[in-house]
1. Would a scan of the stretch A:206-225 turn up a residue that is small (Gly, Ala, Ser) and away from chain B (no Cβ under 14 Å)?
2. If you scan the stretch A:229-273, which residues turn out to be more than 8 Å from chain B (Cβ to nearest Cβ) and touching a Gly at 6+ places or on another chain (Cβ under 8 Å)?
3. Restrict the check to the stretch A:524-544 and report whether at least one residue is open to solvent by 10 Å² or more (accessible area, probe 1.4 Å), under 20 Å from residue A:505 (Cβ atoms) and not in a helix (DSSP H, G or I).
4. Among the residues of the stretch A:297-314, is any more than 10 Å from every other protein chain (Cβ to nearest Cβ) and open to solvent by 20 Å² or more (accessible area, probe 1.4 Å)?
5. Please tell me if residue A:260 is surrounded by fewer than 23 Cβ atoms within 10 Å (Cβ to Cβ), in the same structural domain as residue A:220 (by TED's automatic domain parsing) and touching an Asp or Glu at 6+ places or on another chain (Cβ under 7 Å).
6. List pairs: first in the stretch A:173-202 and in a helix (DSSP H, G or I), second open to solvent by 10 Å² or more (accessible area, probe 1.4 Å) and of a type in the set (Asp, Glu), Cβ under 8 Å, 6+ apart or cross-chain?
7. Could you check, for the stretch A:185-192, whether at least one of its residues is open to solvent by 30 Å² or more (accessible area, probe 1.4 Å), of a type outside the set (Ser, Thr, Tyr) and in the same structural domain as residue A:234 (by TED's automatic domain parsing)?
8. In the stretch A:232-275, how many residues are part of a loop (DSSP other than H, G, I, E, B) and in contact with a helix residue (DSSP H, G or I) (Cβ under 9 Å, 6 or more places away or on another chain)?
Amino acid sequence: MKKFLLFSLLFVVGIWFALSNFKGLAAQGEFDSIILDFREDIPTTEISQQIEAIAREYDRTANLNSIFSVGDNIYTLKGDKDLLNALRKSSLSQDTEYIEPNYIYEALETANDPRYNEQWNLQKINIEKAWDETKGDGITVAVIDTGVSRVPDLKQTNFVKGYDFVNNKENASDDNGHGTHVAGTIAQSTNNGYGVAGVAYKAKIMPLKVLSRSGGGTVADIAEAIRFAADNGADVINMSLGGGGESKLMKEAIDYAFSKNVAIIAAAGNSNANSSSYPARYPKVLSVSALNSTGSKASYSNYGAGVDISAPGGDREGGKILQETISPRTGEPIFVGLVGTSMASPHVAGVAALVKASGVSNPEQVYSVLKQSSLKVEKDPLNYYGAGQLDASAAVQQAEKGKITFRDFFRWLRDNGYLNPGFWFDGGAVALIPKIIMVVVGYLLAWFLRNYLPWTWALNGGIIMGSSGLFFLQGFYIFDLPQWPFRVMGSSIPELGNAIQGSIQLNPIFASVLIPFGLVALLLANPQGKWFAIGTSIGFASCLGVSAVVSPALWGLGTGIAAQSFLAINALLCFGLAYLASKGEKQLA
Amino acid sequence: MSITVTGKVEQSEIGIDTWALVTEEGETYELMDPPEQLCQSRTKVKVEGQVRDDVMTIAAIGPVLQINSFEVLEN
């Protein structure tokens, strides 16, 4: 029993040790000076002495921050983290109320458009920091849509020659209102003291009308428009449209544009289905799902197979996407909020223009920058968000660094996962590191019990199925088929209770000692089966223990201390069960 | 190939003036160029038409149904 307690203690310590660095670091600001707030009840002579002492010891001069700081005795001096720590440890700490970093705040580029404050979506994608670097100068974005009309808030936006494929004429003005709205999100005239702002407002718009007044159009026209864009100097194409089936004509047009360095962005579709619609589904097109104002997937948005990234599309309840467009009835300019993946796509197209303006021209690299810089959603089992949520600032920064690094192998697999157009691989479905920790901890636990264990396939299989499962299968999709069978096959046994619905909350019946106990009871008499049962118990102990520390989310018990305690206790019980079962076996043998 | 779909007609929150036919099973069709009489919320309508695989739309809410004829079963 003593040995068992020792094992248990080592187990807990081991898990905490393994994961102590895993919880992420708190965000830290930048500073190059330090604030000293001297107490107000000490005489000024003492303050002077302390300041002289600092000058002597550290060769730095502390000055009053401003003439308004006299009353509060607030001084600042140049210094870094080392000096900050040294000062905090010195006698100075007795004379001061606090010594803290003087964090640097930067004034951000903003917009003076009066209704800019209603554009929650632009705040969401972190646009102001991106504008500090570029506004899309020199880049042309083709808007393949219902046409674009020069409403007042597009007057200062640059346009290049487009075409109306519906009526076969050069003037591609809008008679529906959708295309003008989409063009507004990309490059609405900004800082013009009127209306609203656009993402890449110095970029040029190429209006291509392929959709009629009622909002529909043929694959043949759309394919022609894609070729027109590629031949006439477009750098980015936005297609806020979808539907229909696979078309060779369209695929060839897309491949042609891609080969001419055009980045092609399209809406994932609005039927709340688990595949992107065409044309977003084509391999060389970046498919965009929609977020609502709280940052969750919008209820209508498609998700799952093919979705590469997510961006604001709004919804009726939270907030819509506001731009200036035309009224379809009167043709007059009107500010209107619309929702849909149609609205999400031009956010990404705008940021793609910013990325291109920062010097990345190859569309494959543009896609990589957009995806890698996106705000990653840790738990995304159904691939609502693709690589993550669009972040304009991070994208521009990464583009300017010109450095492409793959976040991990599975992400890379997904980015290049179009081995066959019929299936698709989502590398972001599983948080990889916790899974690896689960396997490693599982084997560490088995190592503790090594005197009792034969290293058979059954034991190994049990450890794997109990801890991580064949988790890579969770990211596998076949277009238009349900994905849950792959989630089930890719789940560890404790996760089975939440695999079908794709929840990230563990089911307390499956994620407990119950199943290992049942397996041990059933299989103890079977010479192979018992080792599988014991391995499974060890795997469970690891999976539940790691979950308790990394992501304690349990159905009915929340994510707090109750869930953590439940998981930790069950982890201990599983380990105890494995110990007793294997020990019993040894004595019998 | 012609199909007959029965369901309710409703305006979609997506797109501009988009009208949808939603079947009892929950499948959504986008009505292509619906006539004026069909552009209002109705509980049960039978539409005979074709699914246009070669058409893409701004709404992308489901298969695009080109209407040959329709019959209002319940208002």
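The values are calculated or read from the model by the stated rules, or taken from the named source; none is laboratory data. Keep in mind that what you see is a predicted model, and the values were worked out from it rather than measured. Positions of Cβ are backbone-derived with ideal geometry, glycine not excepted, and every protein chain shown enters the neighbour counts. Only protein heavy atoms, including side chains, enter the accessible area calculation; ligands, DNA and RNA are left aside. Shrake-Rupley method; radii C 1.70, N 1.55, O 1.52, S 1.80 Å.
1. So the first thing to find is which residues in the stretch A:206-225 are small (Gly, Ala, Ser), and the list is A:212, A:214-217, A:220, A:223, A:225.
With away from chain B (no Cβ under 14 Å) added as a condition, the list becomes none.
No, the stretch A:206-225 contains no residue that is small (Gly, Ala, Ser) and away from chain B (no Cβ under 14 Å).
2. Correct list: A:266, A:268, A:273.
3. no
4. Scanning the stretch A:297-314 turns up at least one residue that is more than 10 Å from every other protein chain (Cβ to nearest Cβ) and open to solvent by 20 Å² or more (accessible area, probe 1.4 Å).
5. Details: surrounded by fewer than 23 Cβ atoms within 10 Å (Cβ to Cβ): yes; in the same structural domain as residue A:220 (by TED's automatic domain parsing): yes; touching an Asp or Glu at 6+ places or on another chain (Cβ under 7 Å): no.
Judged against the criteria, residue A:260 is not a match.
6. Hits for this filter: A:180/A:174.
7. First, the residues of the stretch A:185-192 that are open to solvent by 30 Å² or more (accessible area, probe 1.4 Å): A:191-192.
Pick out the ones that are also of a type outside the set (Ser, Thr, Tyr) and you get A:191-192.
Then drop every residue that is not in the same structural domain as residue A:234 (by TED's automatic domain parsing), which leaves A:191-192.
Yes, because at least one residue in the stretch A:185-192 is open to solvent by 30 Å² or more (accessible area, probe 1.4 Å), of a type outside the set (Ser, Thr, Tyr) and in the same structural domain as residue A:234 (by TED's automatic domain parsing).
8. Within the stretch A:232-275, residues that are part of a loop (DSSP other than H, G, I, E, B) and in contact with a helix residue (DSSP H, G or I) (Cβ under 9 Å, 6 or more places away or on another chain) number 13.
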